[in-house]
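The values are calculated or read from the model by the stated rules, or taken from the named source; none is laboratory data. Keep in mind that this is a model prediction, so the values were computed, not measured. All Cβ positions, even for glycine, are placed from backbone atoms using ideal geometry, and neighbour counts span all protein chains on display. Protein only, heavy atoms only, side chains kept; ligands, DNA and RNA dropped before computing areas. Shrake-Rupley method; radii C 1.70, N 1.55, O 1.52, S 1.80 Å.
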Amino acid sequence: YSFCTLLFMFSAIEFTLLLISTISADPPCETRLEVDTNTANSMSSTKIELVYFNIHARGELTRLCFAAAGRLSELKDTRLPLFMDSSAAAMEWSVEHAPKTPFGYVPYLNVAEGTKSFQVSGDGAVEMFAARHCNLLGDSPLDAAVCNTISTKAVGLLGPGLTRAGLQKDSMTIIRSLGPQGHIGDTFDGLEKYVNRLHGKATSDPAYRDTGSYANSNGNGSSSHFYVLGDKISLADLAIYNSVDECIRGPRSTEFFERVDKLLRREYPTLLRVYDQVTKDLAGYLTTRNVQRPLDQP
């Protein structure tokens, strides 16, 4: 063969091999799209079960998250008999329910995402997971950090002592806890100052000076709404509401301790402003939340 003929033959073979390689290669864009779609489907199919006692306290904040997001029907709300209510309930907790918990206490979440299932437990972890799922952590990492700071401190107040005082209608014990030497009062004082600083309010100034990072958008401090993050409800507001409500109305919101309410409004006006805002926003849920559900029903 002539040199030109051989050159043409080699070129044709090289082109054919290149064409075969191109045809048989996996299309990378389509592969990535399939992975992204599977991930999105897994996230949208997340199922969450809250396991807690048939009171508000530390479990209620998760319920409030789903209620605020308008997604309460998505939460399976398993309510166990409170061990304080009777010796039978205490025995049931010890024998039947406690062994199922990750670390021996409630609340915890049973979460299923696609083919995976796991448990979430611990103060802060449960509420942050629920709030993230319900898009209640604001718009930035800073917002989320503020929510985490406030919710962790607020949830930490809701221990057995406060629950027992509420169930026994012992408002004096609650009032003592709210005093300068009380653990609840100490935390509320810190939260009051923390939220005031976020909104640019000098703690010694009786007037709001809305110049802080989360000042209300109208700039005069007299907005018709008031949220910790400035313009919309978040986990931070719900956490404050839940801890204040536990003090005023007890662990099932069936009481009204008037002296406690007056004390809180006098000493912590900013926290009570948040409390009143959430009371207004979630009025529909709050009027029906004490309806008892079967233990295995959402």
Notebook entry, point to check: For the range 66-85, how many residues meet the condition of being part of a helix (DSSP H, G or I), open to solvent by 50 Å² or more (accessible area, probe 1.4 Å) and either among the small types (Gly, Ala, Ser) or touching a Ser or Thr at 6+ places or on another chain (Cβ under 6 Å) (or both)?
Noted result: 1
Check: So Leu136 clears everything in (1) within 25 Å of Leu109 (Cβ to Cβ); (2) part of a helix (DSSP H, G or I) except one condition, right? Which one?
Finding: (2)
Next item on the list: Using the structure shown, decide if Thr173 is part of a helix (DSSP H, G or I) and under 14 Å from Ala236 (Cα atoms).
Entry: no
Item checked: Members of the range 132-169 found to be over 12 Å from Cys247 (Cα atoms) and charged (D, E, K, R), listed by number -> Arg132, Asp139, Asp143, Lys153
Next item on the list: Please work out which one of (1) at pLDDT 95 or above; (2) closer than 21 Å to Arg63 by Cβ is the condition Gly156 fails and give its number.
Entry: (1)
Item checked: helices (runs of 4 or more DSSP H) enclosed by the range 229-289 - at least 1 residues per element that are among the hydroxyl-bearing types (Ser, Thr, Tyr) and within 22 Å of Leu72 (Cβ to Cβ) -> 235-249, 269-281, 283-286
Item checked: Residue check, Tyr285 modelled with pLDDT of 95 or more, under 28 Å from Gly159 (Cβ atoms), open to solvent by 20 Å² or more (accessible area, probe 1.4 Å) and within 19 Å of the chain's Cα centre (by Cα) -> yes
Check: Out of curiosity, is Ser151 open to solvent by 50 Å² or more (accessible area, probe 1.4 Å), assigned to a helix (DSSP H, G or I) and hydroxyl-bearing (Ser, Thr, Tyr)?
Finding: no
Margin query: Please pick out the residue among Glu127, Glu113 that is among the acidic types (Asp, Glu) and modelled with pLDDT of 95 or more.
Written below: Glu127
Checklist line | Filter result for the condition that a residue is over 28 Å from Gly166 (Cα atoms) and touching a helix residue (DSSP H, G or I) at 6+ places or on another chain (Cβ under 8 Å), over Glu60, Glu113, Glu127 | finding: Glu113
Check: Can you spot a residue in the range 237-258 that is of a type in the set (Ser, Thr, Tyr), in contact with a Cys (Cβ under 6 Å, 6 or more places away or on another chain) and within 30 Å of Leu80 (Cβ to Cβ)?
Finding: no
Margin query: Can you pull out every residue in the range 251-273 that is open to solvent by less than 40 Å² (accessible area, probe 1.4 Å), among the hydrophobic types (A, V, I, L, M, F, W, C) and free of Cβ contacts under 8 Å to residues at least 40 places away in the same chain?
Written below: Leu272
Check: Can you name the residue in the range 154-170 that is in contact (Cβ under 8 Å) with a residue 12 or more places away in the chain and open to solvent by 30 Å² or more (accessible area, probe 1.4 Å) and, of all such residues, is farthest from the chain's Cα centre (by Cα)?
Finding: Lys169
Checklist line | Residue check, Pro180 part of a loop (DSSP other than H, G, I, E, B) and within 23 Å of the chain's Cα centre (by Cα) | finding: no
Check: What number of residues in the range 86-117 are open to solvent by 80 Å² or more (accessible area, probe 1.4 Å) and either over 21 Å from Phe66 (Cβ atoms) or of a type outside the set (Gly, Ala, Ser) (or both)?
Finding: 10
